[in-house]
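J.: Before I ask anything, here is the structure I am working with.
The values are calculated or read from the model by the stated rules, or taken from the named source; none is laboratory data. Quick caveat: nothing in here was measured; it's all calculated off a predicted structure. Because the Cβ atoms are built from the backbone with ideal geometry, glycine has one as well, and the counts that use them run over all protein chains shown. These area figures cover heavy atoms from the full protein model, side chains too; ligands, DNA and RNA do not enter into them. Shrake-Rupley method; radii C 1.70, N 1.55, O 1.52, S 1.80 Å.
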Amino acid sequence: MTQTALPLPCTSRSGLFRPALPLLLSLALAACTSVPLPPWPAPGGAAKAPLPAAPAPATIPVTVAPPVVVIQPVPARPSGVVTPAEAPYSAAVAARFPAPSLIYSTPGLQEGRSSFTSNAEIQNWLRDLVAAAAATPALKAALLPIGRSQSGETLDALVLTRAAGTEAAAIAASGRPTVLLIGQQHGDEPAGSEALLVIARELTQGLLRPMLDRINVIIVPRANPDGSADNRRVTTGGLDMNRDHLLLNTPEAQALARLTRDYRPTVVVDAHEYTVVGRFLQKFGAVQKYDALLQYATTANIPEFLTKASEEWYRRPLVAALKSQGLSNEWYYTTSTDLTDKKISMGGTQPDTGRNVNGLKNTVSLLIETRGVGIGRLHIQRRVHTHVTAISSVLASTAQRASELRQLQPYIEKEIAGQACKDEAVVEAGPTPTQQELLMLDPITGADKALRVEWNSALALRKIKTRVRPCGYWLSASSKTAVERLRLHGVQVLRVTEPGSMLGDLYRETARSAGERQDVRGTISDAGQIVKAEVALVRGVIDAPTGSYYVPLNQPLANLAIAALEPDTQNSYFANRLIDNLTGSARVMAEPSLKTEELP
Ligand SMILES: [Zn+2]
């Protein structure tokens, strides 16, 4: 139904992203016709390796729940907890979401609790798991302190592996793909965090443990502990950390970037919840229906093979796993906070979210959202069950595809590096307007309510601005902040050690205004105004003094560098004042013969 109405990524991209060069064409065709680079099984083909004893997710939980959901009485509450009197919809709607047949147990899911697992309880939970793992032969577990939140809370990552150790080098030496699981970047979306505590326990001492024979897993159950403590979306300083993954202005996003740089995951899962009533009820007179909304990276310059792997190896099995549990799903979508705007958009196409930036880091990057924002503890067992089911599927897919994934990343990295100085770079892309059938629920009767909506599809990316791909970027010696952020991502930056000159394109400003960053919801909770410049490219000679920088594009993270360094986009380092002025960077258009050194 709705999902087949959308073109498959392969089809849509070959239609809209017409390759400019024969090389690109052959790669695009290879991606569409299963030419084995990397070896690519036919869709639906048998797995090359048998699955480890992956449990059906329903077998994980601990005790039996009542078969029909009842809106639980909730004691005096902290902010954000919904009581029966305030339940945003009728009992008939609630009855559409029966609890799973088994219930999950974490501190925050205990009967009678009015608050979710606290930050201290998460730390204790993780420490207990590390202690338990120490008693298990050949299982290594460690709690990595990866940073501190703006209010000083410790940010922790749990590493679980059968490698020789838990440090990054040992994980790399294991040869197994690593899955990074991230919960609760938005503080008012608790189910992902509770589910990750369940997943951590089951990997360490439960039914998911056999997975670790094939994969390494890193879990950050709560990426935004301050937002969680305040039951609000944003971080303490008011910034939305899930629009900060390119800029890295928040210590929370920096912590995840450093972790990703050092541990190089193959797959990243970002667990969220979405608004159930609120503006959807106001705009459409309906309640949101889908247990899970799903999307992978959809931003400019994502390699075709990566999209194909995300779709075929991950999303499709994930959908099947959800269905097997009686859980419904759809592509991720949202709508703006402007009540007169009834358009619905898939998750954004900007390189700002974890989903898209991790895609630019060449990982399979998956967003999983459950119906949870604004309904407090309603249906919490079902929300957690949805996340546990989905995440277990991702772990199983990774274990099953481990050998293919080992080939995929080096292949993609080589492909990207090989595009430097030639081919096209998409500087900005947007979604394609279309229409879509969605099912929502009547808020009184609970019956399905079919809607045909204006729909911005992120699967069919529309090119807005393209340029010839440079060999690299030159950055002035005063670009220290930008260089620091690029290096946090793992981008290779070289320092010029002797004055030199290069052929390049300089940016000449043709217009400027101030503005705010936007996403499909509206204005982003942000640090302030951005600089919206229009530029013309002027071919010339760049004089590169000692102490200035060169960012070569013959590297795996070239597409991330493009997103950061082409100045005339809303997420660029220039627009967001990490680079002071337009003369502080330039496109290098011929392979330079510079004397440079690696930064320490
Ligand atoms: Zn969210």
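Table: residues versus (1) within 30 Å of Leu306 (Cα to Cα); (2) crowded, with 20+ Cβ neighbours inside 10 Å.
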| site | (1), (2) |
| --- | --- |
| Asp543 | no, no |
| Thr546 | no, no |
| Asn554 | yes, no |
| Ala561 | yes, yes |
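J.: Select from segment 260-269 the residues that are open to solvent by 10 Å² or more (accessible area, probe 1.4 Å) and touching a Leu at 6+ places or on another chain (Cβ under 8 Å) and write down the one among them that is nearest to the ligand (Cβ to nearest atom). Working first, answer last.
T.: Step one: of segment 260-269, the residues open to solvent by 10 Å² or more (accessible area, probe 1.4 Å) are 260-264, 266.
Of the ones still in play, those that are also touching a Leu at 6+ places or on another chain (Cβ under 8 Å) are 260-261, 263, 266.
On the way: Thr260: 18, Arg261: 23, Tyr263: 23, Thr266: 23 Å.
If we take residues in segment 260-269 being open to solvent by 10 Å² or more (accessible area, probe 1.4 Å) and touching a Leu at 6+ places or on another chain (Cβ under 8 Å), then Thr260 is nearest to the ligand (Cβ to nearest atom).
J.: Turning to a different aspect of this structure: Tell me, yes or no, whether segment 274-291 has at least one residue that is within 16 Å of the ligand (Cβ to nearest atom), modelled with pLDDT of 95 or more, open to solvent by 20 Å² or more (accessible area, probe 1.4 Å) and not aliphatic (A, V, I, L, M).
T.: yes
J.: Quick check on my filter: what residues within segment 340-370 are within 16 Å of the ligand (Cβ to nearest atom), in a loop (DSSP other than H, G, I, E, B) and under 14 Å from Asn559 (Cα atoms)? Before the answer, list the steps.
T.: To start, the set of residues in segment 340-370 that are within 16 Å of the ligand (Cβ to nearest atom) comprises 345-348, 350, 352-358, 365-370.
Those left that are additionally in a loop (DSSP other than H, G, I, E, B): 347-348, 350, 352-353.
Correct list: Gln350, Asp352.
J.: Can you tell me which of Glu415, Glu404 is among the acidic types (Asp, Glu) and either in a strand (DSSP E or B) or open to solvent by 10 Å² or more (accessible area, probe 1.4 Å) (or both)?
T.: Working: Glu404 fails: either in a strand (DSSP E or B) or open to solvent by 10 Å² or more (accessible area, probe 1.4 Å) (or both).
Only one candidate passes the filter, namely Glu415.
J.: Here is a list of conditions, (1) surrounded by 22 or more Cβ atoms within 10 Å (Cβ to Cβ); (2) in contact with a helix residue (DSSP H, G or I) (Cβ under 8 Å, 6 or more places away or on another chain); (3) farther than 19 Å from His186 by Cβ, and Gln350 meets all of them except one; can you say which number that is?
T.: Every listed condition holds for Gln350 apart from (3).
J.: Report, by residue number, each residue of segment 162-202 that is closer than 21 Å to Arg261 by Cβ and charged (D, E, K, R).
T.: The answer is Glu167, Arg176.
J.: Mind checking which helices (runs of 4 or more DSSP H) fall wholly inside segment 152-235 and carry at least 3 residues that are within 16 Å of the ligand (Cβ to nearest atom)? Spell out the reasoning first.
T.: Details: elements: 168-173, 191-205, 225-229.
Where helices (runs of 4 or more DSSP H) fall fully within segment 152-235 and carry at least 3 residues being within 16 Å of the ligand (Cβ to nearest atom), they are 191-205, 225-229.
J.: Another question, then. Please tell me if Glu311 is part of a helix (DSSP H, G or I) and either more than 16 Å from the ligand (Cβ to nearest atom) or more than 26 Å from Val384 (Cα to Cα) (or both). Break it down stepwise before answering.
T.: Working: part of a helix (DSSP H, G or I): yes; either more than 16 Å from the ligand (Cβ to nearest atom) or more than 26 Å from Val384 (Cα to Cα) (or both): yes.
Taking the combined requirement at face value, the residue satisfies it.
J.: Let me ask something additional. Can you tell me which residue among Thr370, Thr432 is crowded, with 24+ Cβ neighbours inside 10 Å and either touching a strand residue (DSSP E or B) at 6+ places or on another chain (Cβ under 6 Å) or under 30 Å from Pro88 (Cα atoms) (or both)?
T.: On the way: Thr432 fails: crowded, with 24+ Cβ neighbours inside 10 Å.
Thr370 is the lone residue from the list that is crowded, with 24+ Cβ neighbours inside 10 Å and either touching a strand residue (DSSP E or B) at 6+ places or on another chain (Cβ under 6 Å) or under 30 Å from Pro88 (Cα atoms) (or both).
J.: Condition check: at pLDDT below 95, within 16 Å of the ligand (Cβ to nearest atom) and either open to solvent by less than 30 Å² (accessible area, probe 1.4 Å) or in contact with a Gly (Cβ under 7 Å, 6 or more places away or on another chain) (or both). Does Gly80 satisfy that?
T.: Values: at pLDDT below 95: yes; within 16 Å of the ligand (Cβ to nearest atom): yes; either open to solvent by less than 30 Å² (accessible area, probe 1.4 Å) or in contact with a Gly (Cβ under 7 Å, 6 or more places away or on another chain) (or both): yes.
Answer is yes for this residue.
J.: On the basis of being of a type outside the set (Gly, Ala, Ser), within 15 Å of the ligand (Cβ to nearest atom) and buried (at least 21 other Cβ atoms within 10 Å of the Cβ), does Leu256 make the cut? Break it down into steps so the answer makes sense when it comes.
T.: Values: of a type outside the set (Gly, Ala, Ser): yes; within 15 Å of the ligand (Cβ to nearest atom): yes; buried (at least 21 other Cβ atoms within 10 Å of the Cβ): yes.
Taking the combined requirement at face value, the residue satisfies it.
J.: Please tell me if Ser548 is without any contact (Cβ under 8 Å) to a residue 12 or more places away in the chain and of a type in the set (Ser, Thr, Tyr). Reasoning before the result, please.
T.: On the way: without any contact (Cβ under 8 Å) to a residue 12 or more places away in the chain: no; of a type in the set (Ser, Thr, Tyr): yes.
So Ser548 fails the test.
J.: Inside segment 374-395, can you point out the residues that are among the hydrophobic types (A, V, I, L, M, F, W, C) and either assigned to a loop (DSSP other than H, G, I, E, B) or in contact with a strand residue (DSSP E or B) (Cβ under 9 Å, 6 or more places away or on another chain) (or both)? Before the answer, list the steps.
T.: Of all residues in segment 374-395, those among the hydrophobic types (A, V, I, L, M, F, W, C) come to 375, 378, 380, 384, 388, 390-391, 394-395.
Selection gives Ile375, Leu378, Ile380, Val384, Ala390, Ile391, Val394, Leu395.
J.: Are there any pairs, at least 6 apart or on different chains, whose C-beta atoms fall under 6 Å, with the first in segment 238-250 and within 14 Å of the ligand (Cβ to nearest atom) and the second among the charged types (D, E, K, R) and open to solvent by less than 20 Å² (accessible area, probe 1.4 Å), and if so, which?
T.: Met241/Glu252; Arg243/Asp352
J.: Please verify whether segment 130-144 includes one or more residues that are more than 21 Å from Tyr263 (Cα to Cα) and in contact with a helix residue (DSSP H, G or I) (Cβ under 8 Å, 6 or more places away or on another chain).
T.: Going residue by residue through segment 130-144, those that are more than 21 Å from Tyr263 (Cα to Cα) are 131-132, 134-137.
Checking which are in contact with a helix residue (DSSP H, G or I) (Cβ under 8 Å, 6 or more places away or on another chain) leaves us with 132, 136.
Yes, segment 130-144 has at least one match.
J.: Shifting gears a bit: Please list, ordered by first then second residue, the pairs with beta carbon atoms under 6 Å, 6 or more apart or interchain, first in segment 186-207 and open to solvent by less than 10 Å² (accessible area, probe 1.4 Å), second away from the ligand (no atom under 16 Å from the Cβ) and not in a helix (DSSP H, G or I).
T.: Taking only residues 6 or more apart or on different chains, the pairs are Glu194/Thr106; Leu196/Ile219; Leu197/Thr106; Val198/Tyr104; Ala200/Leu158; Ala200/Ile219; Leu203/Leu160; Leu203/Val217.
J.: I'm told Ser478 meets every condition in (1) surrounded by 17 or more Cβ atoms within 10 Å (Cβ to Cβ); (2) hydroxyl-bearing (Ser, Thr, Tyr); (3) assigned by TED's automatic domain parsing to the domain that holds Val551 except one. Can you identify the failing condition by its number?
T.: Of the numbered conditions (1) surrounded by 17 or more Cβ atoms within 10 Å (Cβ to Cβ); (2) hydroxyl-bearing (Ser, Thr, Tyr); (3) assigned by TED's automatic domain parsing to the domain that holds Val551, the odd one out for Ser478 is (1).
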